[in-house]
1. In percent, how large is the relative contact order of the range 114-198, given Cα pairs closer than 8 Å and 6 or more residues apart?
2. Filter the chain for me: DSSP H helices, axial length by Cα at least 20 angstrom, mean Kyte-Doolittle hydropathy not below -1.0. List them by residue number.
3. Output the Cα-based Rg and Dmax of the range 160-212 in Å, rounding Rg to one decimal and Dmax to a whole number.
4. Would you please state the base-10 log of I(q)/I(0) at q = 0.11, 0.13, 0.20 1/Å for the range 70-211, with intensities from the Debye formula using one equal scatterer on every alpha carbon?
5. Two decimals is fine: what is log10 I(q)/I(0) at q = 0.19 Å⁻¹ for the range 187-239, from a Debye sum with one equal scatterer on every Cα and no solvent?
6. Please compute P(r) over all alpha-carbon pairs of the range 171-268, binned at 5 Å starting from zero, and give each bin as a whole-number percent.
7. Probe of 1.4 angstrom, ligands and nucleic acids ignored: what's the accessible area per residue over the chain, in square angstrom?
8. How would you rank 273-285, 78-90, highest first, on the average number of other Cβ atoms within 10 Å across their residues?
Amino acid sequence: MVESIEPDFRGPREPIGFIGLGVMGQPMALNLAKSGTQLVVWNRSLERAEPLRDAGAVVAASVREVFDHTRTVILMLVNEEVTDSVLGRGTQEFADIVAGHLVISMGSAAPEYSRGLASDIHAAGGRYVESPVSGSRKPAEAGQLVALLGGSAETVSEVQPLLAPMCRKTISCGPVGNGLLMKLAVNHYLTSMLAALAEAVHFADRTGLDLTTFQEAIDSGPMACDLVRIKIPKLIAREFEVQAATDDAYASTVLVSDAARAAGIASPILDLSSALYKESVSLGNARLDMVSVLEAIEARSARRVSEKSTAQTPAQITVPAPPALPLSDRT
């Protein structure tokens, strides 16, 4: 059973459910708890919930118990399959769980998936808002995420104040689907930009430039921003502790690419970036930070050097023996 809790439905003190305490979800939930929000939380691996228990949240024993003790539930789950599994979508349990609830999905998914989930939740008597966030672990820890909301104007307005402890800004993007399309557009730029930044660091390093001076040049110019100031030191130090995981970056590029193909949109830079993140995942960097894409670029350079060396190695020349002279011509 869930820990002892007496739900308080009086205004802002109404308890909120939070499901999914991963790299992003845990600091987001902690910021809610620290703001005084009553939380009932659940996560597959119980150890991820312990910091929330220490912060005063109630740790539920099941997803159903979260919904039983709250009317608004935030989901921060890794993908569509996990979301469906957690909610029991496609089973009778799904309707029993979500009826009468407001579900706020803050993870990344395909816009069409989100529209379908919204339709199912509404049919079951619930309400739904998508609210993917722009930002990685550090902004999540600092409560500096940007929420991109999709849903009815009335429900979005209701949700925005709830997200304030986690997000420095909430942006209403229109109906369900538009929040995630906006997230894909933002991630199109983000994933391509960081792949280009890793390539620039690789170029500077291999041409003998001092990388500290390179960082100073970037930080002093028009490309300077908080994200670059965080990522360049990681690239220089080859410190790949996860802030935004490489496999998540790759999955995001696939979502963008799929949406682009469906709309007949060319995305050549994104497609190359996607290939690089996929190569980094294949190198064993799935759960390292996405700047580990540097290693995929280095591997390409190594292959180019090897191919060039092979091409420049003279082939073994075989000189054919002269034809044998007829006996009559021998002296």
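1. On the way: 126 pairs, mean separation 24.5, N = 85.
Rounded, it is 29 percent for the range 114-198.
2. Details: long enough: 178-206 (42 Å, 0.57); 246-262 (24 Å, 0.11); 293-312 (29 Å, -0.53).
In the chain, the long hydrophobic H runs are 178-206, 246-262, 293-312.
3. When restricted to Cα atoms, the range 160-212 yields Rg and Dmax of 17.8, 51 Å.
4. Once normalised to I(0) and log-transformed, intensities are -0.46, -0.60, -1.17.
5. Normalising to I(0) and taking log10 leaves -0.60.
6. P(r) for the range 171-268, in whole percents per bin: 2, 10, 19, 20, 16, 14, 10, 6, 2, 1, 0.
7. Working: 16700 Å² over 331 residues.
Result: 50 Å² per residue.
8. Working: 273-285: 20.5, 78-90: 16.8.
Ranked by mean Cβ neighbours within 10 Å, highest first: 273-285, 78-90.
The values are calculated or read from the model by the stated rules, or taken from the named source; none is laboratory data. Everything numeric in this text was worked out from a predicted model, so none of it was measured. Cβ atoms come from the backbone with ideal geometry, glycine included; neighbour counts cover every protein chain shown. Areas reflect the complete protein model, heavy atoms only, side chains present, ligands, DNA and RNA absent. Shrake-Rupley method; radii C 1.70, N 1.55, O 1.52, S 1.80 Å.
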